[in-house]
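Structure first, commentary second.
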Amino acid sequence: MTRLSVGEPAPDFEMTADDGSVVSSESLRGSRYVLYFYPKDDTPGCTAQACGLRDSWSRVTDTGVRLFGVSADSVKRHVKFREKYALPYRLLSDEGHRVAEAFGVWIQKRFAGREYMGIERSTFVVGVDGHIEHVLAQVKPAEHVDELMDALAA
């Protein structure tokens, strides 16, 4: 499946957050929200990306958007990651990677000569109408916050 594009409806989803709550497309309907997909909790790039958002949290919340991190890690791993870095936003568990597949970010990857499936680091801004407003594909952790803020301001 290919990555979803601007203008397409965001897929329906339901995921468990690190605080035990269930977050779904239905519960977010009528809200502008961000799903940022990242490969794995507590790895260097993902930690830099998560902490960059944490350190710019007031800039993000000033836009009125609701932000969620999404990976295929378990809720238990998310709890440890969120607590370790004092992340102010919820992390959603996509074990089984169904949501990543629906957004088109579950892809073939290559590292150290081996191929495997994993999440492409990408961010989706979803508008109040449930359609994708912006796609930040293959973002670099150090550039993510600035790119996201530009997208939210557009």
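If amide H atoms are built 1.01 Å from N in the plane of the peptide, which residues on other chains or at least 5 residues away come under 5 Å of the amide H of His134?
Sorted by chain and number, the residues that satisfy this are Val125.
Would you calculate, for the chain, the mean residue ellipticity at 222 nm contributed by helices, counting each DSSP H stretch of 4 or more residues as -39,500 (n - 2.57) and dividing by all residues, to the nearest 500?
Values: 6 runs with 47 residues, N = 154.
It lands at -8000 deg cm²/dmol.
Just give me a number: lysine pairs in the chain, eight or more positions apart or cross-chain, with C-alpha atoms less than 17 Å apart. Could you put the intermediate results ahead of the total?
Values: Lys40/Lys76; Lys40/Lys80; Lys40/Lys84; Lys40/Lys109; Lys40/Lys140; Lys76/Lys84; Lys109/Lys140.
Lysine pairs, 8 or more places apart or on different chains, close enough: 7.
Measure out, as a whole number of angstrom, how far apart the alpha-carbon centroids of the stretch 1-41 and the stretch 132-154 sit.
Answer, in whole Å: 16.
What order, most packed first, do the peptides 116-125, 50-59 have when packing is the mean number of other Cβ atoms within 10 Å of each residue? Intermediate results must be reported in sequence, preceding the final value.
On the way: 116-125: 19.5, 50-59: 15.7.
Highest to lowest by the protection proxy: 116-125, 50-59.
What whole-number value in cubic angstrom gives the convex hull volume per residue for the C-alpha atoms of the chain?
Working: hull volume 16.1 nm³, N = 154.
Residue-normalised Cα hull volume stands at 105 Å³.
Could you work out the percent of alpha carbon pairs in the stretch 50-120 separated by over 15 Å, rounded to a whole number? Working shown, then result.
Working: 1535 of 2485 pairs.
That fraction is 62 percent.
All of the numbers you see were taken from the coordinates with simple rules; none came from a lab. From a predicted model like this one, the values you see are computed outputs, not experimental measurements. A quick note on method: Cβ atoms are made from the backbone with ideal geometry, for glycine too, and the neighbour counts reach across all protein chains shown.
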